[in-house]
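A quick write-up on the structure given underneath.
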Amino acid sequence: MSQQKVAIVTGGSLGIGAAVVRRLARDGYAVTLDYHTHSDAANTIAQEIASQGGQALVVQADVSRVADIANLVAQTVARFGRLDLLVNNAGIEQRMAFLETTESAFDQQIAVDLKGPYFAAQAAARQMVAQGGGGCIINVSSVHEDVPMVGNAVYCAAKGGLRMLTRTLANELSALGIRIVNIGPGAVATPINAATLADPAKVQALLAEIPLDRIGQPDDIANAVAWLASDQASYITGTTLFVDGGLMVYAGSL
Ligand code: BGC
């Protein structure tokens with residue numbers, strides 16, 4: 001890499017985000033690791049990267065607040081001088097029956113899972129334009145941007161919204177040299193999934209619908225992020241790469 005590239009990863013302290021941060025640092029990016037709650041985990045990753053000769057900046061930001069997002073980008077640019085890649089990874093999942101869904105639960109999930117990526121993409125794109133154009137935005141979506149899930153309507157609506165956001169923004173951002181792509185993970189072993197994965201019966205039921213017959217690992221997603229952000233993927237925008245072991249195409253048998 002001639003000039004060092006700079007990335008922001010939201011929700012970078014745990015799960016998929018942590019794997020993405022480590023992978024991008026290994027690939028030579030200077031990385032800003034945003035966290036919401038887990039400062040210890042965030043700092044541990046940053047120290048690990050520094051001890052390996054990499055560069056990581058830790059910033060606390062709640063992506064549902066536009067002011068926090070502005071600060072996240074400003075701190076990144078103050079420290080590293082530019083921004084090349086935004087990974088909108090932060091997300092929450094609160095399953096609940098439709099008839100039980102409260103206004104506050106709805107608002108919170110949409111704010112983190114859809115409003116956050118929207119305004120983070122806006123702030124990142126503004127910075128990319130200001131520094132001369134070009135860049136990449138990757139949204140960590142879900143198979144549920146396409147696959148309905150009973151008891152999870154708000155999450156599905158947020159991820160479905162993220163799908164259309166990416167498809168729409170690809171048009172607006174292409175003239176600026178910015179690509180935007182979704183990754184749609186299936187069932188990945190992360191904290192968001194901890195309750196399901198702690199229940200052997202649920203794991204069995206899940207595996208029965210995953211042709212590749214294993215739960216995904218955070219590195220499966222990090223590998224896809226690294227590739228989509230690279231020049232190898234320079235002709236890809238406005239679409240979703242599903243990284244799901246085949247869950248989306250599971251057809252069962254009679
Ligand atoms: C959800 C997981 C779920 C997986 C497959 C993900 O988006 O966060 O809880 O296991 O989709 O259904």
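The values are calculated or read from the model by the stated rules, or taken from the named source; none is laboratory data. Note that the coordinates shown come from a computational prediction; the quantities given were computed from them, not determined experimentally. Please note: Cβ atoms are built from the backbone with ideal geometry, for glycine as well, and neighbour counts cover all protein chains shown. To get the accessible areas, we keep the full protein, side chains included, count just its heavy atoms, and leave off ligands, DNA and RNA. Shrake-Rupley method; radii C 1.70, N 1.55, O 1.52, S 1.80 Å.
Count charges around Tyr35 for me, please; just the other residues with Cβ under 12 Å from its Cβ, Lys/Arg as +1, Asp/Glu as -1. My count for the surroundings of Tyr35 gives -4. Using a probe of 1.4 angstrom and keeping all protein chains present, the accessible surface of region 34-121 works out to 51 square angstrom per residue.
Rounded to the nearest 20 debye, the dipole magnitude of the chain is 600 debye, with +1 charges on Lys and Arg beta carbons, -1 on Asp and Glu beta carbons, and the Cα centre as origin.
A DSSP coil position with no more than 16 other Cβ atoms inside 10 Å describes the following chymotrypsin sites (Phe, Trp or Tyr not before Pro) in region 151-245: Tyr235. Take the Cα of Glu48, go 7 Å toward its beta carbon, and the backbone nitrogen atoms of region 1-28 under 11 Å from that spot belong to 13-15, 18-23.
When peptides 4-10, 93-99 are ranked by their average number of other Cβ atoms within 10 Å per residue, the highest-first order is 4-10, 93-99. Each label was represented as a point 7 Å from its Cα along the Cα-to-Cβ direction; for Tyr235 and Ala130 these points are 3.5 nm apart. For region 108-254, averaging the sequence separation of C-alpha pairs within contact (under 8 Å, six or more residues apart) and dividing by the residue count gives a relative contact order of 27 percent.
Modelled label-to-label distance, Gln4 and Met149, 7 Å Cα→beta-carbon offset: nm? Between Gln4 and Met149, the simple spin-label model gives 3.7 nm. Rolling a 1.4 Å probe over the protein heavy atoms of the chain, with every protein chain left in place, gives an accessible area that is 54 percent carbon and sulfur.
Highest mobility in the GNM of the chain, judged by mean-square fluctuation with C-alpha springs under 10 Å and restricted to Ile183, Ile236, Ile221, is found for Ile236. For Thr196, the solvent-accessible surface with a 1.4 Å probe is about 20 Å², rounded to the nearest 10. With R₀ set to 41 Å, the beta-carbon distance separating Asn223 from Asp107 gives a calculated FRET efficiency near 0.75.
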